[in-house]
1. Once amide H atoms are placed 1.01 Å from N in the peptide plane, what residues at a sequence separation of 5 or more from residue 3, or on another chain, have their amide H within under 5 Å of its amide H?
2. Would you compute the Debye intensity of the stretch 1-96 from its alpha-carbon atoms alone, equal scatterers and no solvent, and pass along log10 I(q)/I(0) at q = 0.12, 0.22, 0.24 Å⁻¹ to two decimals?
3. Check which residues have an amide H placed less than 5 Å from residue 37's amide H, if you skip close sequence neighbours.
4. Working out 0.36 nm times the residue gap between residue 38 and residue 88, then minus their Cα-Cα distance, what length gain in nm do you get to one decimal?
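Taken together, the values in this text are just the output of simple stated rules run on the coordinates, not laboratory data. Remember, it's a predicted structure, so these values are computed and weren't measured experimentally.
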Amino acid sequence: MVTVGQFRAFVQETGYKTDAQADGRGGHGWNAKLNRFAGWFPRYTWRNPGWPQTGEDPVGNVSWNDAVKFCQWLSRKSGKLVRLPTEAEWEYACRAGTTMVFSPAPPQPASRAMLMCRTKLYG
C-alpha cells in the first residue's frame, strides 16, 4: 500500500502531475452535500478525495500510469526494484494464497462492502 504521505513525497520531489491532474478531468470523490460519491470532477484528485485524510491513509485517485511512475521513482531512491504486481500475482494475492477460483469470503452487498471499506480506512 502506498500512503498519501509517500505519494506526496514523490510529487514534491519530482513535480509529477497525475493523469487526473494533467488531463484536467479529475477523479472520483465524496460529495458531502449530496451524501454520495460523485465523479470525474477536477476538484477530486489524490490530494482531495472529498473526505479528510492523513499522510497514513492509502492514496487514491491514481492511475496505473501514476503507480508505475511512483514505482520507478521509488526504485531509483531505494536502489531496489519496485514494481506493480503482474495480473497473476494480483489474483493470487486476492485469493489469499488459495487455489480456489474465487475468494473464500462470503459475498457482500455492494453497500455493505463500501461501508466496511470506508470504516476500516477512514474511521
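1. 59
2. Listed by q, the Debye log ratios stand at -0.44, -1.17, -1.26.
3. Those qualifying (amide H under 5 Å, at least 5 residues apart or on another chain) are 31.
4. 14.9 nm
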